[in-house]
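Values quoted throughout were computed directly from the atomic coordinates according to the rules given, and no laboratory measurement underlies them. Being a predicted model, the structure only gives us computed values, none of them experimental. So basically every Cβ, Gly included, is an ideal-geometry build from the backbone, and we count neighbours across all protein chains shown.
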Amino acid sequence: MLSIDPSKTRYRTLWISDVHLGMKASRAHCLADFLAKHDADTLYLVGDIVDGLRLRRKWNWTPDCDRVVRAILDKAREGARVVYLPGNHDAFLRKYIGESICGIQIENDVDHITADGRLLHIRHGDDFDSQVRLAPLTAFIGHGMYHLATFINTFVFACRRQLNLPYWSLAKFLKSKSKKASLYVGAYEEAMLHLAKERKAAGIITGHIHQPAIFLRDNVTYYNTGDWVDHCTLLAEHRDGSLDLISWDERQLDRCKLPSAAAARPPHGVYSS
C-alpha cells in the first residue's frame, strides 16, 4: 500500500539519472534534499546512479551518498514503484535485469504511459553512444578530460562558496565551447529520436550525456533528465501528464523549474537547452 506524506510535494512520476554516487564531484547533497521533500507514485532511476567505475579506482562514499540510497529505499518500502535502469557506470547491476532487489525493479529499458495516454520509451542511452560504440579510445580520452575538469571544479566550487558565489561548472563551460561536443550531443539526440520512432513512441526519456533538454521534433519529444554533477536536474510528470525539468541545486532548495519559454510554450513543458 502506498504511504502518502502530506508534508511532501508529490508527483505522478520522477526520472533521475547520472547522480554518480562515489564520484567526488557528485552533488549528492542536493539530490538528498530533493528526495527528502518530494515523493512520486513511480520513480525511474535512469542509470549511472552509482559510479562503480570511479569507486573501483578510489573509494569516495560520503554520508550524502548514504542519504540518497536510504531515501530511495524508503520510497520503495513505502509503496512507490521504483525502477532502476543501469547505465555504463553502474553496469555491474545489469546481471540482475529482470529481478527485484529491496523492492526495486532492475530493467534494461522500459515503456511508460503518461496520465494523458502518451507512450514514452525510457533507457539510459550508453548503448546508443557512438563515441563509446565506435571509438572507445576517443571516448576514454573524453571521459578522462571530463573527470579532470570535474576534479578541478571541486576546488573552484569550494572557493566560490566561500565568496558566496553560485555554483559554476568548468566541465559544463568547456563542453559549451566545444564544437565536437555539440556535434556529439546532436548525433546522440538524433539516434534517440530515431529509436522512439522505431518503437512508435510519442517520446523518449534518456540520460547519459549530462545535457538536460526537452524538445519536440517531427512529432516526437526528446527528454533528457540531465545530471547531478553539472546541472542538478530531473524530470517530473504532473497529474495531468505534462512533464517538466526541475532544477534543485545549492541556490534552490525550493521548487524551481528551468526556463521553459512561458510565452508560446509548446505542449508538455517543452524545453530546449
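Summary table below
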read-out: Segment Thr9-Lys37, extension gain: residue separation times 0.36 nm, minus the distance between their alpha carbons; value: 9.4 nm
read-out: Net length gained if the chain between Lys24 and Glu198 were fully extended (0.36 nm per residue, minus Cα distance); value: 58.8 nm
read-out: Peptides 51-64, 206-219 ordered by average Cβ neighbours within 10 Å, highest first; value: 206-219, 51-64
read-out: Global geometry of the range 43-130, whether rounded, prolate or oblate, following the gyration tensor of its Cα atoms and the 1.5 cut on a/c; value: oblate
read-out: The range 38-69 residues near the modelled Lys95 label - backbone nitrogen below 16 Å, point 7 Å along Cα→Cβ; value: 52-53, 56
read-out: For the range 15-136: relative contact order, % (alpha-carbon pairs under 8 angstrom, 6 or more apart); value: 24 percent
